[in-house]
Amino acid sequence: MPVPIPRQRAIPAVESGQAQAASPCDGHAEQSAPDTSAAVPRTPDTTGNTTDKAGNTTDKVETNTAHTNLTLLLIEDDPAGSPIVPDMLDQAGKPIRVRTARNLTEAGRLLTDDVHCILLDLALPAPGRSDSDDELAVLKHVLELAPRHAVLALTASGDAERGAEAVRVGAQDYLFRDELDGRLLSRAIRYAVERKRSESAERRLAEGRLRAQENRRLERGLLPTPLLDGSPLRFAARYRPGRSRALLGGDFYDVVRTPDGTVHAMIGDVCGHGPDEAALGVELRIAWRALTLAGLCGDQLLGTLQQVLEHERADDEIFATLCTVDIAPDGRRAGLCLAGHPSPLLAGPGRPARLLPYDNNGPALGLLPGARWPRMQVELGAEWSLMLYTDGLIEGRVGEGRERLGQDGMTEMVRRQFAEGLRGEELLRAAVNEVRDLNGGELADDVAVLLLDRVP
């Protein structure tokens, strides 16, 4: 909403808060103390910031106006060369400095990082335009030239419609040329600067929220949807990325059932915790699903995944651990392949939870060219629960010391929870929460856990 500016009247200096008049040498000088902050040449960049010769970039809008003299850039063509802006004081009693530019070319040179507000005469012609079809062409040009600055539009007295249109286009306020008053103009400048700061902050917040929503939708879409139609096995999973405010980390998992009735499960971990590792994990998971549905398994499958990793990783030092399990259609036997990954945990009624054998554990993917990964045959029994997990579940600390939970501690924990009757999602939730509590807070590493249950 524009600030109302009454007609000029004589106001005592004490009442108006005006500074003593300065003596500008010419129409381009400031009307207060010289601006020493502009001694270092600065050039505007494409983002609206400025960069000095040393390469330092400054955001012009983020200047703290509470501790810095306000500077006004007046853009108007006055043939007489007399200033139209009275002397002004800011809220702290400091003089508001005024620079004058007679055209937009001069304005571009004077638009340094210490300028807080622009007072633009709408009567100025826009560069390269001789027609008058667009009365606000000059304002639109200035808004493009200084997208991060507060802008006050200056128009003829009584032309409120044009001023209101200027605000709709992007100006923070409009003023009448022949009704300028020092006290109220000072307030209008402060208001425009703070309004621009508020608008910029609100826009950045909205953009941040939009990016966060897009990231969440993207990451949620990248998490797997198990393909278990027709299988009697029950599936549950828990996923907690180590990155703050992320939904996806370097851990990945998947479960599919092939037409012959075999259920294939996989869990893996890309070294590192950034978005690049998360993206690589998604690529490996999708490649695993495609290769599995194409009929590959065991050593042949892992060898092909290693080729994918070697082509897609950003650095030769990046590797990934992997555990794959293929469960026979009758549900009593499984083939197990380990590529540098912790061995799964098997539990069942009448027998304590235990780790599956890992004597033939092969190297992690991406470490050794031409590596082999033997497939081990495992007997599961008639009723069982098989838990696959990443090392984030076992590397959390136990208490305030340096001791880690480890596989033995995890096995004892799951054994106890299993004896208490916990199953499926409830079991995984209890396990992850207890590991976090033992760690004394959130876990630094990604955690992925999946559970397959067979109940006759």
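Some observations on this one:
- Residue order for 149, 116, 311, fewest other beta carbons within 10 angstrom first, comes to 311, 149, 116.
- Each Lys or Arg adds one and each Asp or Glu takes one away; over the other residues whose Cβ falls under 12 Å from the Cβ of residue 203, this sums to +2.
- At R0 = 41 Å, FRET efficiency that the Cβ-Cβ distance of residue 202 and residue 225 yields, to 0.05: 0.65
- Calculated from backbone phi, Karplus (6.51, -1.76, 1.60) coupling profile of the range 417-427 in Hz, x at Gly/Pro: 5, 5, 5, 7, x, 6, 9, x, 4, 5, 5
- Cβ-defined net charge surrounding residue 369, 12 Å radius [Lys, Arg +1; Asp, Glu -1]: -1
- Each of 140, 196 was scored by other Cβ atoms within 10 Å of its Cβ. Arranged with the fewest first, they read 140, 196.
- Exposure proxy ranking, count of Cβ atoms within 10 Å, fewest first, for 111, 293, 145: 293, 145, 111
- FRET efficiency, residue 304 to residue 177 (Cβ-Cβ, R0 60 Å, nearest 0.05): 0.20
- Report note on the peptides 386-393, 438-445, 185-192, 257-264: ranked by the mean count of other C-beta atoms within 10 Å, highest first, their order is 386-393, 185-192, 257-264, 438-445.
- Total formal charge among the other residues, if their Cβ is under 13 angstrom from that of residue 406, Lys/Arg +1 and Asp/Glu -1: -2
- Calculated from backbone phi, Karplus (6.51, -1.76, 1.60) coupling profile of the range 305-313 in Hz, x at Gly/Pro: 4, 5, 5, 4, 4, 5, 7, 9, 6
- FRET efficiency, 1/(1 + (r/R0)^6) with R0 35 Å, evaluated for residue 271 and residue 415 via beta carbons: 0.75
Bear in mind that the values in this text are calculations on the coordinates, not laboratory data. Keep in mind that this is a model prediction, so the values were computed, not measured. Cβ atoms come from the backbone with ideal geometry, glycine included; neighbour counts cover every protein chain shown.
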